[in-house]
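Only one structure is covered here, and it is reproduced in the block below.
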Amino acid sequence: MPSCGYNESMDSSNGKRAPRQSVSLPIPECWGDNKIVLMVRDPWMLYAYWEIQADVENRVIKEIEKKGLVVSKSVLKVRDVMDGSAVEGSPVFSSFDLKNYANSWYIQIENSGKKWAVDIGIESTTGEFFLLARSNIVKAPFYGVSGIYDEEWMCSEELYYKMFAISGGYGIGTSSLEMRETMKRRPKSWFSSGMSSGMIEDTSSF
Amino acid sequence: MAKGYLALVLHAHLPFIRHPEYDSFLEESWLFEAITDTYIPLINVFDRLSKDGVDFHITVSLSPTLIDMLRDELLISRYIKHVDKLIKLSEMEIKRTARDSRVNALSRMYNERYIETKYVFSEKYGNDILRAFKKFQDLGNVEVITCGATHGYLPLMDLHKPAVRAQIKVAVDIYKSVFGCGPKGVWLPECGYHPGHDEILAEFGIKYFFVETHGILFASPRPKYGVYSPYLCKSGVGVFGRDLESSKAVWSSKDGYPGDANYREYYRDVGFDLDYDYIKPFINGDGARVNTGIKYYKITGRTDKEPYDRKDALNTAADHAGNFMFNREKQVEHLSGIMDRVPVIVSPYDAELFGHWWYEGPEWLEFLLRKIYFDQETVKTITPGKYLELYDKYPVITPSMSSWGYKGYSEMWLDGSNDWIYRYLHKMAEMMTSDAREYKDPTELYRRVLNQMARELLLAQSSDWAFIMKTGTFANYAVNRTREHIGRFFAFHDQLERGSIDMEMLESAENKNSLFKEINYEMYQ
């Protein structure tokens, strides 16, 4: 695992015209940090990026070898953090082998509204895990209706679901599929960010 | 008394694009087109309604970047040149189309509109259309609200609360400088809400914000009234949810009004249709064909396009306004029968849809507001600020994290095309905070550098860049802009550390990214 990963997407661009402005200022590729950062994308997906220093990695490798073990692979462990619990010892929800100098990862989770953290580390051939860095804790939103009621503002189940339906509750997500098509056809010359974002369907395909 | 209310919300925003280093710059025309096609037509609608004594209530959010561009001398002078060119082109078009009476009538319509646009912009409002919005707010017709400073997408900024706070603080400061009071509400950029951010809004006296439908429906505890009543967060800030039914009526391409065959076709513009040598003086400086704004066709169908007929289009807009009002009446009648308080239907749209994309949008809005006032008693328009005054108590909930983007969360701004930006944005926020804490009593020069670093950070955070990278159109520009702000931020940080400031770079940056003149980096402490 390199201490400073180069992210190819930094150079990616779909624009057809050459940039008219010179971008002469370099942007750093790393800062000498040893950390992993976790972000929430949606109820089903997290995103982690990291920067791991070579000296930290070497120290951990030495520790593994000192124990008479053999280094096997770099691993990302996704932990399901219970309320009030420490990340240490929290159950591992999923685990990924890291390859090809990855420095970021999209992580699928279950829609549960739970808290999550990730550990990045090195695994020995015996399966023992040695930590390189631990992320912040995040809470993913729950995609669904809350099971919590407010006694002061109660109503019948029938009325509740009636209001839910009238509000478009059963149509949530429909717009997302339509948005996918929207993205393919969207503005050829001018737009505002919010304009397309808020669209339920495309208005440009008449 | 009305059985229910309609809260129309128009969100006006453009990213900060200003390139003094070029004589003309293609992307600056986004602002010019929005002024001509959307902002001035909306102002004209509000003026006509006000003059005719129509009691209407509407909410308009003006993003701080848009506000600063609308009061920027360079952009104003360039806009006036832009309108002058449109007037000249429309004059040439009147001559060119003289033999075709139908098209010629349209050439004349454009000519009259551009002349009126210049009059409204320069003479009526003295090159400051923000005065118009202030006027309508003071009259009680328009509730102007704010947005994030640079339209930064806040849920993905949550890791660094001072960065979220700065987006709100700068926005509130800019708002006060124009309107003389704090904003009642905020349009969270991309309608992006993360639980807890309401506490930051409360700190700045903001009374309400909006969330996407499922931000309310998936809230905890269960929301009793669906999206047809505001709720309060624990912080005391009100939250309104978007109504899907009324949104769809305008946004939807299958069933939405803007797709009607009688409306003007956006994609047939003389900038592309006419002889190159003829149109060259009116297109982009580099010779690339662009839209000019003069369009002669109606949507018609998917293939052959027929000439645009303004009268037919306006009749259709009036019909659609009647249909929209009828549906809201039915909606309100149904809701008022099952709710124990007066329902409010919240219909937010991007302002730039009206006039720019949907040419007849402003007229549709005018018809709608007139009809609501004159033709029925069931539904009345209201602003969220006014609705919150109706009751002493509202249910308390925690809205769900949500946005109005693709799939309703953050995927639009976090995917393979744009995820590389976050390690920079987060690091910049972290360094800005630590630098702000380190330089507590800086020299005037260091203060300038720190303030410019804050501007570069805010500009890099603009959700527009990630969005454009995702859509692919203009991606080069978005990538370059992001890299430019990142590069400059780190260069200034290094200069502070080394104790050697590059004055040329500082002055150039201050000149180019000249927004937020009163910014104070200490907000990151």
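Every number in this text was worked out from the coordinates using simple rules, so none of it is lab data. Since this is a predicted model, take the numbers as computed values, not measurements. Here the Cβ positions follow ideal geometry from the backbone for every residue, glycine too, while neighbour counts run over all protein chains shown.
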In chain B, taking the dipole from +1 charges on Lys and Arg beta carbons and -1 charges on Asp and Glu beta carbons about the Cα centre, the listed residue (B:Tyr263, B:Leu159, B:Thr471) farthest towards the positive end is B:Tyr263
Residue separation between B:Lys85 and B:Glu199 times 0.36 nm, minus their alpha-carbon distance, gives in nm 36.2 nm
Bridge orientation stat for the protein assembly as shown from DSSP, antiparallel percent rounded to 5, came to 60
Given unit charges at Cβ for Lys, Arg (+) and Asp, Glu (-), the dipole magnitude of chain B about its Cα centre in debye, nearest 20, is 760
Flagged as over-length at 19 Å C-alpha distance, from A:Lys114/B:Lys470; A:Lys62/B:Lys427; A:Lys114/B:Lys427; B:Lys85/B:Lys280; A:Lys35/B:Lys169, the pairs are A:Lys114/B:Lys470; A:Lys62/B:Lys427; A:Lys114/B:Lys427; A:Lys35/B:Lys169
Using the Kirkwood radius over Cα pairs of the protein assembly as shown, the Stokes-Einstein translational diffusion coefficient at 25 °C and 0.890 mPa s, in µm²/s and rounded to a whole number, is 91
Once both label points are put 7 Å beyond Cα along the C-beta direction, the B:Asn284-A:Trp31 separation in nm becomes 3.5
Taking a crude spin-label model, label points 7 Å out from Cα along the C-beta direction, the B:Arg341 to B:Glu497 distance in nm is 5.3
FRET efficiency (B:Gln525, A:Phe129; Cβ distance; R0 45 Å; to 0.05) is 0.70
Here the range B:189-203 yields Karplus 3J(HN,Hα) values (6.51, -1.76, 1.60; θ = phi - 60°; whole Hz; Gly and Pro given as x) of x, 6, 6, x, 10, 10, x, x, 5, 4, 5, 5, 4, 4, 4
For the B:Asp312, B:Glu389 Cβ pair and Förster radius 56 Å, calculated FRET efficiency rounded to 0.05 is 0.85
Taking the range A:29-139, the whole-percent share of alpha-carbon pairs separated by over 17 angstrom is 53
Nearest-0.05 FRET efficiency for A:Lys114 and A:Ala54 at R0 = 51 Å, using Cβ-Cβ distance, is 0.90
Partner shielding of B:466-473, as the mean number of partner chain Cβ atoms within 10 Å, equals 6
Between the modelled labels at B:Cys181 and B:Arg108 (7 Å from Cα along Cα→Cβ) the distance in nm is 4.6
A chain fully extended from B:Lys135 to B:Lys234 at 0.36 nm per residue, minus the present Cα-Cα distance, gains in nm 32.3 nm
In Å, the Kirkwood hydrodynamic radius from C-alpha pairs for the range B:8-156 sits at 16.8
Across B:275-287, the residue-averaged tally of Cβ atoms belonging to other chains within 10 Å stands at 0
Share (percent) of C-alpha pair distances in the range B:418-477 greater than 13 Å works out to 66
Output row, site B:Leu74, 7 Å Cα→C-beta label point, backbone N cut-off 12 Å, window the range B:11-52, residues B:17-25, B:28
Taking alpha-carbon centroids only, the range B:28-56 lies from the range B:363-399 a number of Å equal to 20
CD proxy, 222 nm, chain B: helix-only mean residue ellipticity via -39,500 (n - 2.57) per DSSP H run with n ≥ 4, per residue, nearest 500, stands at -15000 deg cm²/dmol
Per residue convex hull volume, Cα only, chain B, in Å³ is 149
A correct fewest-to-most ranking of A:Arg79, B:Arg341, B:Arg264 by other Cβ atoms within 10 Å would be B:Arg341, B:Arg264, A:Arg79
Rounded to whole angstrom, the alpha-carbon centroid of the range B:442-459 lies from that of the range A:23-87 at a distance of 32
Residue span B:Ser514 to B:Lys161: 0.36 nm per residue of separation minus Cα-Cα distance leaves a gain in nm of 124.6 nm
From fewest to most C-beta neighbours within 10 Å, the residues B:Met401, B:Met69 line up as B:Met69, B:Met401
With +1 on the Cβ of every Lys and Arg and -1 on the Cβ of every Asp and Glu, the dipole magnitude of the protein assembly as shown about its Cα centre, in debye rounded to the nearest 20, is 680
